[in-house]
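Student: The structure that follows is given in the form of structure tokens.
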Amino acid sequence: MMILTTIKNMERLNKYLAHAGVGSRRHCDDMIAAGRVAVNGRPVRDLGAKVEAGQRVTVDGQPVRHERHVYWLVNKPRGYLSTNFDPARRPRVIDLVPYISQRVYTVGRLDEASEGLILLTNDGDLANQLMHPRFGVEKTYEVQVAGTPTPEDQRQLLKGVYLSDGHVKARHVKRLKTQGASTWLRIVLNEGKNREIRRMLARLGHKVLRLQRVAMGPVKIGALAAGKARRLTRLEVDELRALGKRPAKKGLSPS
């Protein structure tokens, strides 16, 4: 992909690609490490590589141009994948966005069985801010679990549990209602490990029956129907950018 954007002095390759709308910086690092990126025709695998004005940068040999940034919110139904490429051709979140000329990608992921709010953009810097743990951006979920979690279970979610990839905890937990033999909880996280809520609750003996993300920071899914998409407002984009300037918050008591 030839990137038709102006470089000011030397710039980190991953930052350069992110600014061009190729992906988040983390995703661009993965592509560099995989040998998919070339500078002046030579593959580059060094994650610290820099580029300068006049150099030709390609990704998978296909051209990309510097694009204006766009921001979309999708209400992901169950059964859709949070990836731009699936060899099995299963439904993808990106398929729910009306045709746009920009190359967008999801900000983080929701697993195939989960549903709700997911953002898509070509703004690599904002995507990095929203997903990097040091910014502590809150993600709010409404979760239906089997059984009735006790107050002690809620306190344990706040205190944290140990999973295979480390210690994880919720920032806030609130019991919403019971539904037959199940319970609905509102859980707020400011991390983003793979299937984190499902694994935390499984450790406490409660299977997740349904999981829906309803907010990311100040942006809420509202009345947007499942399978539908809308553009973020300028105010929403500005509020999301402001999150990168605030320190991460500590956990709260259960309610």
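The values are calculated or read from the model by the stated rules, or taken from the named source; none is laboratory data. Bear in mind that the values here come from a model prediction, so they are computed numbers and not experimental data. Glycine gets a Cβ as well: all are built from the backbone with ideal geometry, and neighbour counts include every protein chain shown. Just so you know, the surface numbers come from the protein's heavy atoms only, side chains and all, with ligands and any DNA or RNA stripped out. Shrake-Rupley method; radii C 1.70, N 1.55, O 1.52, S 1.80 Å.
Student: Examine segment 107-126 for a residue that is open to solvent by less than 30 Å² (accessible area, probe 1.4 Å), touching a residue at least 12 places away in the same chain (Cβ under 8 Å), over 27 Å from residue 19 (Cβ atoms) and assigned to a loop (DSSP other than H, G, I, E, B), and state whether such a residue exists.
Tutor: Pass one, segment 107-126, residues open to solvent by less than 30 Å² (accessible area, probe 1.4 Å): 107-108, 110, 114-124, 126.
Imposing the further condition that a residue be touching a residue at least 12 places away in the same chain (Cβ under 8 Å) reduces the set to 107-108, 110, 114-124, 126.
After this cut, where a residue has to be over 27 Å from residue 19 (Cβ atoms) as well, the list is 114-116.
After this cut, where a residue has to be assigned to a loop (DSSP other than H, G, I, E, B) as well, the list is 114.
Yes, there is a match, as at least one residue in segment 107-126 is open to solvent by less than 30 Å² (accessible area, probe 1.4 Å), touching a residue at least 12 places away in the same chain (Cβ under 8 Å), over 27 Å from residue 19 (Cβ atoms) and assigned to a loop (DSSP other than H, G, I, E, B).
Student: Further question: Consider segment 154-170. How many of its residues are open to solvent by less than 30 Å² (accessible area, probe 1.4 Å) and outside any strand (DSSP E or B)? Break it down stepwise before answering.
Tutor: If we filter segment 154-170 for residues that are open to solvent by less than 30 Å² (accessible area, probe 1.4 Å), which is where we start, we get 154, 157-158, 160-161, 163, 166, 168, 170.
Filter again for outside any strand (DSSP E or B), leaving 154, 157-158, 160, 170.
Total meeting the criteria: 5.
Student: In addition: Would you please list the contacts, defined by Cβ atoms under 9 Å and residues six or more apart or on different chains, that run from a residue in segment 169-195 that is free of Cβ contacts under 8 Å to residues at least 24 places away in the same chain to a residue that is surrounded by 14 or more Cβ atoms within 10 Å (Cβ to Cβ) and not hydrophobic (A, V, I, L, M, F, W, C)?
Tutor: Hits for this filter: 177/183.
Student: Follow-up. Being part of a loop (DSSP other than H, G, I, E, B), surrounded by 15 or more Cβ atoms within 10 Å (Cβ to Cβ) and basic (Lys, Arg) is the filter here; which residues of segment 88-106 pass it?
Tutor: Within segment 88-106, just 103 meets the criteria.
Student: Right, another one. Restricting attention to segment 130-153, which residues are open to solvent by 50 Å² or more (accessible area, probe 1.4 Å) and either in contact with a Cys (Cβ under 9 Å, 6 or more places away or on another chain) or modelled with pLDDT under 90 (or both)?
Tutor: Residues satisfying the conditions are 131, 132, 133, 134.
Student: Sticking with this structure for a sec: What are the pairs, 6+ residues apart or on separate chains, where a residue within segment 17-36 that is more than 17 Å from residue 70 (Cα to Cα) and part of a helix (DSSP H, G or I) has its Cβ under 8 Å from a residue that is open to solvent by 10 Å² or more (accessible area, probe 1.4 Å) and among the hydroxyl-bearing types (Ser, Thr, Tyr)?
Tutor: Short answer, once both residue conditions are applied: 27/105.
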